[in-house]
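Okay, so here's the structure we're looking at.
The values are calculated or read from the model by the stated rules, or taken from the named source; none is laboratory data. Keep in mind that this is a model prediction, so the values were computed, not measured. Counting neighbours? That spans all protein chains shown, and the Cβs are built from the backbone with ideal geometry, glycine included. Ligands, DNA and RNA are stripped out before the accessible areas are found, and what is left, the full protein with its side chains, is counted by its heavy atoms. Shrake-Rupley method; radii C 1.70, N 1.55, O 1.52, S 1.80 Å.
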Amino acid sequence: MILMYLTKQEERMLSGEEGYTVKKSMEILVALGDIYGAEKLINIDSVQVAGVSYHNLGDAGLEFLDELARDGKVKVLTTLNPAGMDLENWKKLGISKEFAEKQNSVIEAFRKMGTIISCTCTPYLIGSLPTYGRHIAWSESSAVTFANSVIGAKTNREGGPSALAAAFVGKTPSYGLHSEENRIPDVHVDVTVNPRKISDWGALGWCIGKKVGNKIPYITGVKDADLDELKSFSASVVTYGSKPLFFMKGITPGSEKHQLPKEKVTIEDVDIKEAYESINDDVDIMDFVCIGCPHCSIKEIAEIARLSKNRRVSSSTEFWVATSRLMKQLADKRGYTKIIEDFGGKFACDTCMAVAPLKGRFRSVATTSAKGCYYSRHNGMKTKLGSLEECIEAAVTGKWS
Ligand code: F3S
C-alpha cells in the first residue's frame, strides 16, 4: 500500500504510462517517501548525480545506467559528479584503455539521458546555481552541504539512484531537509580559533564534524569566510560528521532567524592541532600532490599558478590540479594552464583523487583537503594535509617539510 499522496499524473507515471524508466524512478521515490514519512512529492529545480566513476560503478552499475538510458530523459537541469578519468586527457593521467572504454560507456549512457556532462562536484561554480529556499535533489555530500548551508537551498543527501530517479520525474519526496522543522540548529559551536590557510578550514570541519555528529551546528566566532573556504569546510564537516547542513552566524543565510541552541561545544587551538595530528600520517616522501577537493575554483587555480611559476615538479612526484573542464577553459584563457603545465603539473578535469582508479599507484599524497585525505586513505595512501604553499613545496622537493 502506498502511504504518500500521489496526483493523478504521478499515479500514471507509476503505472508505466511514461515508460519503463519513469515507472522505475517513481517506484524508488515512492519507496523512499513511504520509508521516511513524506506526505507528497515536490517539484525540484535541479539534480546533481553522484556515482559516475566506473571505478565505483563497476559492470553492474553500467548495466543499470544502460537500462535507464533506453527510454529515460531527465526533466530538470541535471549535472554529473566527477568521473573516473579526464574524459579527454585520460592517457596523460595514466588511465588504462580498458578503464577508459568502460568510463566512456558510462558517460554515453548519461548523455542519452540528457544530463549535462559536467563531471564536477562544484556544479554551483559552473552554472547550476540553486537559489535560496528552493528544492533540489543533489547527491555528493560536499555539494549538498554547500547548497543547503551556503546557498540556503533545500536538499537531502541523495544517493546516485535516488537523485537520478528525481531527475526522471522532476520531483522528490518531501521529507528530511526539505522541511523547515528539520532545519533547526541543535548545537551551538563556538569557534575561538581563526582559520588562516585553506587546510585550516578542512581541519575545522574535522573538529566540528567529530563533535556534532548528526546534529545541525550553529557556528559562532568565525569572522569571515570566502567561497573557497566555505567549499572546503562544507566538504570536511560532512565527511567527518554526517549532517549536510550548518549555520554560520553572519555568514550563511538563515542564521539570523535561529536562536542559539542550548547545547554548546567550543573549538579551540588544541582541537585544530588534534585534527592535523589525526589526519597527517608519519610520512615524508610524497609521490603525489593533488589540489582540488572539492574541484578548484578559478581563484585557486590562479594561486597555484602564482606559486608554481618558474619552479619545477620533482621527477619523483606527480602533481594534479582537479577541476571542472569549464574552469580549465577559463584557466587556459588567463594563461594559468601554461604556467602550471610548465611547472610539470597535470590538469585532472572531470575527475578527482577519490574516484580515479589510483589504488596501488601512489604511496602518499599531500593535499589542502581534509576530505581528500579521508578518501586517499581508503585508496591506501599515507596523507599529509597542509597549506597550498606546503603542497607546492612538496611537489617541488618530493618531500614534506
Ligand atoms: Fe569532489 Fe572528489 Fe573531493 S568528488 S569533494 S574532489 S572527493
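Quick one: compute a quarter of the convex hull surface over the Cα atoms of region 284-401 and quote it in nm². Don't skip to the answer; put the middle values down first.
Working: hull surface 24.3 nm².
Mean orientational projected area (region 284-401, Cα hull): 6.1 nm².
Mean residue ellipticity at 222 nm from the helices of the chain, using -39,500 (n - 2.57) per DSSP H segment of n ≥ 4 over the full residue count, to the nearest 500 deg cm²/dmol?
After summing the helix terms and dividing by the residues of the chain, the value is -12500 deg cm²/dmol.
Can you check what the Kirkwood hydrodynamic radius comes to for the chain, Cα pairs only, in Å to one decimal?
Hydrodynamic radius (Kirkwood, Cα pairs) of the chain is 21.6 Å.
Report the Cα centroid-to-centroid distance between region 173-221 and region 277-317 in angstrom, as an integer.
Region 173-221 and region 277-317 have Cα centres spaced 27 Å from each other.
Can you tally the lysine pairs in region 162-276 where the Cα-Cα distance is under 19 Å and the two residues are eight or more apart, or on different chains?
The result is 29.
Using a 1.4 Å probe and counting only protein heavy atoms, arrange LEU358, LEU125, LEU77 so the residue with the most accessible area comes first.
LEU77, LEU125, LEU358
Leaving out ligands and nucleic acids, note down the accessible area per residue over the chain with a 1.4 angstrom probe, in whole Å².
Each residue of the chain exposes 41 Å² on average to a 1.4 Å probe.
Using Cα positions and a limit of under 18 Å, work out the lysines in reach of LYS309, with same-chain residues fewer than 8 apart set aside.
Partners found: LYS299, LYS328, LYS333, LYS338, LYS346.
Which one, HIS295, VAL283, SER242, projects farthest toward the positive side of the charge dipole computed for region 218-297 from Cβ point charges (K/R +1, D/E -1)?
SER242
Farthest toward the dipole's positive end in region 40-137, which of LEU77, ALA100, GLY61, given Cβ charges of +1 (Lys, Arg) and -1 (Asp, Glu) about the Cα centre?
LEU77
Suppose every Lys and Arg Cβ carries +1 and every Asp and Glu Cβ carries -1, with no other charges. What dipole size does the chain come out with about its Cα centre, to the nearest 20 debye?
In total the dipole reaches around 560 debye.
Based on a Kirkwood Rh over C-alpha pairs, give the Stokes-Einstein translational diffusion coefficient of region 1-150 at 4 °C and viscosity 1.567 mPa s in µm²/s.
The diffusion coefficient I find is 77 µm²/s.
Quick one: order PHE110, PHE64 from most to least accessible surface, probe 1.4 Å.
Ranking PHE110, PHE64 by accessible area, largest first, yields PHE64, PHE110.
For ILE298, ILE208, ILE2, ILE35, give the ranking by accessible area with the largest first, probe 1.4 Å. Provide the component values of the computation, followed by the final result.
Working: ILE298 30, ILE208 0, ILE2 80, ILE35 125 Å².
The ranking, largest first, comes out as ILE35, ILE2, ILE298, ILE208.
Hand me the tally of lysine pairs in region 1-96: alpha carbons under 29 angstrom apart, and the pair either on different chains or 8 or more positions apart.
13
Just to be sure I understand the rule: take each whole DSSP H helix in the chain, project its Cα atoms onto its long axis, keep it if the span is 18 Å or more and its mean Kyte-Doolittle hydropathy is at least 0.5. Which ones pass?
Once both thresholds are applied, what remains is 20-36.
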